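Sending over a structure as structure tokens; questions will come in a sec.
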Amino acid sequence: MPGLETFRLHGDVITPGDAEYDTARAVHNAWFDKRPAVIARCADADDVVAAVNFGRAEGLPTAIRGGSHNGAGLASVDDGLVIDLSGLRSIRVDREAKVATIGGGCLLGEVDAATHEFGLATPAGIISTTGAGGLILGGGIGHLTRKYGLSIDNLVAAEVVLADGSVVTADQNQNDDLFWALRGGGGNFGVVTSFTVRLHPVSTVVAGPMFWPIEHAPDLLRWYLDWQPSTPEELGAFFLFHTVPPAPPFPDELQLKKVAGLAVCWTGDPADATEVLAQVRAQPGLALDAVAEVPFPGFQSAFDPIYPAGDHWYWRTAFFNEVPDEAVDVNVEWGERLPTWKSLMHLYPIDGAVHRVGQADTAWPVRDARYAQVICGVDPDPANAETIKAWAVDYSDAVRPYSAAGAYLNFMMDEGQERVQATYGPNYARLAAIKRRYDPDNFFHVNQNIRPAG
Ligand SMILES: Cc1cc2nc3c(=O)[nH]c(=O)nc-3n(C[C@H](O)[C@H](O)[C@H](O)COP(=O)(O)OP(=O)(O)OC[C@H]3O[C@@H](n4cnc5c(N)ncnc54)[C@H](O)[C@@H]3O)c2cc1C
């Protein structure tokens with residue numbers, strides 16, 4: 001690699017043999033154990049420009065690393081270059097304008113902590129160690145989705161390093177085609193060094209998990225599917241299958257029991273939560289009710305201890321326009337068979353504000369779907385890899401007849417070009433044309449790839 005000797009950054013250039021190499025190359029999902037040739041740990045946007053130019057000049061397959069949570073391990077690449085954004089962590093909150101400008105390598109917990117100081121929050125995911133970059137660019141689903149939309153619906157502007165090393169701003173007025181594509185198109189169009197996102201008044205929430213013994217799953221899921229769409233948008237409530245973790249604060253008698261449940265998050269006036277939560281509490285068999293008034297960042301990090309980096313994850317995902325009765329039975333059948341205690345199924349509502357944005361308004365393609373499902377087989381022990389994979393794949397295959405075309409790309413493993421195209425549906429052709437304009441050689445291809453139009 002002729003250029004390596006002169007490749008310098010304000011941050012670090014890490015190569016095999018360096019003491020930090022193994023730590024620097026590890027991604028959240030231990031399913032992947034890639035060995036990049038060079039890791040460019042960027043300290044600022046100038047470093048990102050230098051790294052893009054280096055990768056292009058050397059002809060290296062190049063991955064972009066935000067929080068490294070991607071299920072498909074797309075934060076890294078064998079024998080290539082990793083542009084690691086973990087040094088780009090600045091956050092500036094404008095409380096008057098209700099926007100925050102965040103570095104391309106920020107983690108969700110950092111963003112929540114900074115905006116919470118002003119009683120504000122932006123819609124994002126439910127685990128605080130997830131990278132804001134990958135999550136936003138792929139869509140962004142979480143507790144605030146129904147009320148305030150996907151993360152991309154709150155993106156105001158982005159600063160982007162393009163494949164040719166130039167730096168541009170994308171917003172409604174500048175490079176509006178790029179701005180459209182960034183809102184759902186993932187890391188296909190360049191490295192985003194900063195995002196400006198809209199903030200909303202969210203501070204104390206009434207939130208927590210509620211669990212029922214798995215025997216109640218059929219009735220609970222049927223009731224949930226009827227009830228959820230009728231609730232105020234201040235309520236985020238996703239349905240789940242989990243196993244109760246084998247540790248406090250969970251009661252001894254529930255530990256390691258399989259459960260169906262809801263994770264609820266009420267963002268309206270706490271006093272107004274009582275009525276809607278009473279409807280949930282009235283469901284027979286409630287075994288654990290951990291709902292309480294908490295600061296929003298507290299709930300955003302509530303699941304963190306269960307899912308540290310280094311577990312093996314096998315992901316499957318689907319969108320549903322509706323969940324018919326037979327699909328309830330199929331879900332329950334597979335929920336009862338969670339293969340390990342960390343394995344899970346979540347069914348996230350994506351209605352409300354998400355449906356008020358048109359399909360062609362952003363690259364995110366499925367504005368009419370009602371639920372995004374994620375099925376994850378999870379376990380720390382590699383010996384269980386095939387077991388968790390088989391369960392996730394078989395579960396996903398069993399519900400496939402009831403699901404919509406495509407699936408949420410941020411929950412997808414490598415499932416091939418056809419699935420990517422099916423997901424983008426009518427938006428794919430426009431994305432491919434924009435890709436040709438901004439990345440004609442498909443330099444950024446270590447992702448759920450959109451190929452430049454021919
Ligand atoms: C424990 C866990 C919980 C999750 N919870 C949620 C959730 O609640 N809601 C949800 O919507 N998703 C959730 N996800 C999925 C998550 O959105 C994706 O895994 C996403 O890719 C994570 O982004 P990242 O920056 O951490 O990932 P990385 O693996 O670092 O990056 C993934 C891809 O994103 C692109 N990328 C990242 N940053 C940039 C950037 N600044 N510029 C350009 N491209 C970039 C690159 O193409 C990269 O390959 C979760 C994942 C995990 C593992």
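Conditions tested, residue by residue: (1) farther than 22 Å from THR267 by Cβ; (2) surrounded by 17 or more Cβ atoms within 10 Å (Cβ to Cβ); (3) away from the ligand (no atom under 12 Å from the Cβ).
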site: ILE83; (1), (2), (3): yes, yes, no
site: ARG89; (1), (2), (3): yes, no, no
site: GLU96; (1), (2), (3): no, no, yes
site: THR115; (1), (2), (3): no, yes, yes
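When you check ALA217 against the structure, is it surrounded by 19 or more Cβ atoms within 10 Å (Cβ to Cβ), of a type in the set (Gly, Ala, Ser) and away from the ligand (no atom under 16 Å from the Cβ), yes or no?
yes
Just checking, does the stretch 409-432 include any residue being among the basic types (Lys, Arg), farther than 24 Å from PHE319 by Cβ and more than 16 Å from the ligand (Cβ to nearest atom)?
no
Something else now. Which pairs have Cβ atoms under 8 Å, sit 6 or more apart or on different chains, and link a residue in the stretch 185-202 that is farther than 23 Å from ASP44 by Cα and in contact (Cβ under 8 Å) with a residue 24 or more places away in the chain to one that is within 10 Å of the ligand (Cβ to nearest atom) and part of a loop (DSSP other than H, G, I, E, B)?
HIS200/PRO123
Please go through the stretch 165-197 and pick out each residue that is within 13 Å of the ligand (Cβ to nearest atom) and aromatic (Phe, Trp, Tyr).
PHE189, PHE195
Pick from PRO251, PRO232, PRO297: which is under 27 Å from the mean Cα position of the chain (by Cα) and surrounded by fewer than 16 Cβ atoms within 10 Å (Cβ to Cβ)?
Within the list PRO251, PRO232, PRO297, the selection yields PRO232.
Next up: Restricting the stretch 361-384 to residues that are farther than 29 Å from ASP176 by Cα and among the charged types (D, E, K, R), which is farthest from the ligand (Cβ to nearest atom)?
For the stretch 361-384, the residue satisfying everything is ASP381.
Considering only the stretch 248-286, state which residues are under 22 Å from ASN331 (Cβ atoms), part of a loop (DSSP other than H, G, I, E, B) and of a type outside the set (Gly, Ala, Ser).
LEU254, LEU256, LYS257, GLN283, PRO284, LEU286 - these are the residues of the stretch 248-286 that are under 22 Å from ASN331 (Cβ atoms), part of a loop (DSSP other than H, G, I, E, B) and of a type outside the set (Gly, Ala, Ser).
Yes or no: ALA157 more than 12 Å from the ligand (Cβ to nearest atom), aliphatic (A, V, I, L, M), surrounded by fewer than 24 Cβ atoms within 10 Å (Cβ to Cβ) and without any contact (Cβ under 8 Å) to a residue 24 or more places away in the chain?
Judged against the criteria, ALA157 is not a match.
For the stretch 63-85, name all the residues that are under 15 Å from GLY138 (Cβ atoms) and in a loop (DSSP other than H, G, I, E, B).
Residues satisfying the conditions are GLY66, GLY67, SER68, HIS69, ASN70, GLY71, ALA72, GLY73, LEU74, ALA75.
Go through the stretch 292-311 and count every residue that is of a type in the set (Ser, Thr, Tyr), under 18 Å from VAL27 (Cβ atoms) and more than 9 Å from the ligand (Cβ to nearest atom).
Matching residues across the stretch 292-311 total 0.
Is it the case that TYR314 is touching a residue at least 40 places away in the same chain (Cβ under 8 Å), within 16 Å of the ligand (Cβ to nearest atom), more than 21 Å from ASN29 (Cα to Cα) and in a strand (DSSP E or B)?
When the stated conditions are applied, TYR314 does not pass them.
Within the group GLY55, GLY104, GLY80, which residue is touching a Ser or Thr at 6+ places or on another chain (Cβ under 8 Å), among the small types (Gly, Ala, Ser), touching a residue at least 12 places away in the same chain (Cβ under 8 Å) and closer than 16 Å to ALA158 by Cα?
GLY104
Name every residue in the stretch 117-133 that is surrounded by 24 or more Cβ atoms within 10 Å (Cβ to Cβ) and more than 17 Å from GLN373 (Cα to Cα), in order of residue number.
Matches in the stretch 117-133: ALA121, THR122, PRO123, THR130, GLY131, ALA132, GLY133.
Do we find a residue being surrounded by fewer than 17 Cβ atoms within 10 Å (Cβ to Cβ) and at pLDDT below 95 anywhere in the stretch 179-201?
No, that holds for no residue.
Just give me the residues in the stretch 325-350 being part of a loop (DSSP other than H, G, I, E, B), surrounded by 18 or more Cβ atoms within 10 Å (Cβ to Cβ) and of a type outside the set (Phe, Trp, Tyr), in sequence order.
LEU338, PRO339, THR340, LYS342, SER343, ILE350
Go over the candidates THR101, THR62 one by one and state the one that is within 25 Å of ASP22 (Cβ to Cβ), of a type in the set (Val, Ile, Thr), modelled with pLDDT of 95 or more and more than 7 Å from the ligand (Cβ to nearest atom).
Residue meeting the stated conditions: THR62.
For ALA50, indicate whether it is assigned to a loop (DSSP other than H, G, I, E, B), of a type in the set (Gly, Ala, Ser) and more than 9 Å from the ligand (Cβ to nearest atom).
Considered against the rule, which asks whether it is assigned to a loop (DSSP other than H, G, I, E, B), of a type in the set (Gly, Ala, Ser) and more than 9 Å from the ligand (Cβ to nearest atom), ALA50 comes out as no.
Here is a further query. Name the single residue, out of those in the stretch 117-145 being near the ligand (Cβ under 10 Å from one of its atoms) and aliphatic (A, V, I, L, M), that is nearest to the chain's Cα centre (by Cα).
LEU135
Just to confirm my filter: which helices (runs of 4 or more DSSP H) fall fully inside the stretch 371-454 and include at least 1 residues that are under 12 Å from ASN188 (Cβ atoms)?
It comes to 417-424, 428-438.
The values are calculated or read from the model by the stated rules, or taken from the named source; none is laboratory data. Owing to the predicted nature of the structure, the values given are computational and were not obtained by experimental measurement. Cβ: placed from backbone, ideal geometry, glycine included. Neighbour counts: every protein chain shown.
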